[in-house]
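Inspection log for the structure reproduced underneath, given as structure tokens.
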Protein chains: 2
Amino acid sequence: MTIAQRNTGKETRIQREKREVILKAALDVFSIQGLRGATLEKIAEAAGMSKPHVIYYFGSKDAIYARLLESLLEIWVSPLRDLSRDGDPMTEILTYMRRKLKMSRDMPRESKLFATEILHGAPRTKATLSGDLKTLVDEKAAIIAGWSAEGKIARLDPHHLIFSIWAMTQHYADFDVQVRSILPETGGDALFDEADAFLTSMFTRTLRPAKA
Amino acid sequence: MTIAQRNTGKETRIQREKREVILKAALDVFSIQGLRGATLEKIAEAAGMSKPHVIYYFGSKDAIYARLLESLLEIWVSPLRDLSRDGDPMTEILTYMRRKLKMSRDMPRESKLFATEILHGAPRTKATLSGDLKTLVDEKAAIIAGWSAEGKIARLDPHHLIFSIWAMTQHYADFDVQVRSILPETGGDALFDEADAFLTSMFTRTLRPAKA
DNA sequence: AGCATTTCTATCCAAATGGTCAAAAAACGA
DNA sequence: TCGTTTTTTGACCATTTGGATAGAAATGCT
């Protein structure tokens, strides 16, 4: 009987650890191969255990994928939550951009997993997108619109501003193969330093309010 | 015997038409489901023919995918080829951005196909990326760097500028599900009109040279 | 130690799927 | 019209793969 079925509520230390290992391995495999391209075999091998063992802990391949996605969504939007009405507008937005960029640098597999999910039509995320995420984005967009109206930053569509931050930062994680194919050989972090400089400059110019 | 095997060199009208139909159907299926998620069955159904018939014309599923990708790459970079040293710098770059945005609007399936390929590590495109594409990008980046040095546009890294155009424009095609989940209901083209306005404004501010 | 529970895997199974084959149907050329 | 070639598909096959089963090994409990 699998643990998923038994599910006595409490989780032992060994269960937590094994699940951890499996999720790590699954992230490696899913992020590159996608849900359909990944096989239980590959995940099991990456996790250093047998295929039935993986099933024992999660019940099904889809369950692992769903679990990864679920725990990811929360982390993924967290930088936006911290954008505060009370801070300096320019600083708040640039800080948000930088935190997203750091996430791309430090969690490229997570970024790719999320990207693949959306790209394929977000079958198991759509509800969250148009629910919690929309609520959050609308809320923060309102803050930005406020700054805009007060003349503290330039007049621009706050939703599209947020999209542009997503697009630009995630690009460096999701399409890193392309980026690195074109750029001269740069060590992992150097690329992100370049990106930081460019994006900081770009968003600074974009946000700077027109002279009154 | 399949046509792919026989391959007498010449292609009849009926062959061209059937291949066309199959490629169209395959694009529909691949762009949403990915290479592994798509099945010959689905492609055949979408093309209105039997599974062996699809094999008859292309030999294998992978061959269809490869063919789609190949013919796509050329189209995909063509707007960049038109960026000319002789034009007005700001106009040239904004025009390039707009053409890319239009491609996202008019060819979202192609955009997603390409995105998925890169996301999964570009296994069959890497050579082209670091070859022809890199050459082209380096060439155009040099033009932009020239404009930059002459003070006709702001000082900025031309490679990252190009990446930013890719990232922003493709975002609206590849992540349209997310974008539309968050934005209030807007008809297909209205979204791209908004995006056009935002991006034009963003890149104008980014590129405008600092006062001498 | 001895029993019960949990952890783990070898083996197997059924469904899905990419692709083959032989033959029917259609199109073509004389 | 009649033989030839091309087009089309139903039936079939081999492999892959997600997952079930049963039992072995380990662990925990008393």
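The values are calculated or read from the model by the stated rules, or taken from the named source; none is laboratory data. Please read all numbers here as calculations on a predicted model, not as lab measurements. Positions of Cβ are backbone-derived with ideal geometry, glycine not excepted, and every protein chain shown enters the neighbour counts. The accessibility values were calculated without ligands, DNA or RNA, using every heavy atom of the protein model including side chains. Shrake-Rupley method; radii C 1.70, N 1.55, O 1.52, S 1.80 Å.
Tabulated results
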| item | result |
| --- | --- |
| The range A:108-185: GluC sites (Glu not before Pro) falling in loop per DSSP and having at most 10 other Cβ within 10 Å | A:GLU150, A:GLU185 |
| Per residue convex hull volume, Cα atoms of the range B:51-100, in Å³ | 76 |
| Accessible area, probe 1.4 Å, largest first, for residues A:VAL54, A:VAL177 | A:VAL177, A:VAL54 |
| Reciprocal of mean inverse Cα separation for the range B:3-64 (Kirkwood radius, Å) | 11.7 |
| Shape of the protein assembly as shown, Cα gyration tensor, a/c cut at 1.5 | oblate |
| Position A:ARG36, label points 7 Å along Cα→Cβ, spacing to each other copy in nm (shortest first, one decimal) | 1.1 |
| Percent carbon-and-sulfur accessible area, chain A, ignoring ligands, DNA and RNA, probe 1.4 Å | 52 |
| Shape metrics for the range B:8-109, restricted to C-alpha atoms - Rg then Dmax, Å | 17.4, 54 |
| Where the protein assembly as shown is the region considered: accessible area per residue in Å², 1.4 Å probe | 46 |
| Taking the range A:71-207 and dividing mean pair separation by its residue count, relative contact order in percent (alpha carbons under 8 Å, at least six apart) | 35 |
| Span-like helix ranges in chain A, DSSP H, alpha carbon extent 30 angstrom or more, Kyte mean at least -1.0 | A:13-37, A:61-81 |
| Inter-chain Cβ neighbour average for residues A:135-147, partner chain, 10 Å | 1 |
| Cα-based Rg of chain B normalised by 2.2 N^0.38 Å, two decimals | 1.20 |
| For B:LYS51, inter-copy label distances in nm, listed shortest first [label point 7 Å out on the Cα-Cβ vector] | 2.0 |
| Relative contact order for the range B:126-212, counting Cα pairs under 8 Å that sit 6 or more residues apart, in percent | 34 |
| Rounded accessible area of A:SER71 (nearest 10 Å², 1.4 Å probe) | 60 |
| For the range A:77-124, fraction of C-alpha pairs farther apart than 17 Å, in % | 47 |
| The range A:98-212 pair-distance distribution - Cα-Cα, 5 Å bins, rounded % | 2, 10, 16, 20, 18, 14, 12, 6, 1, 0 |
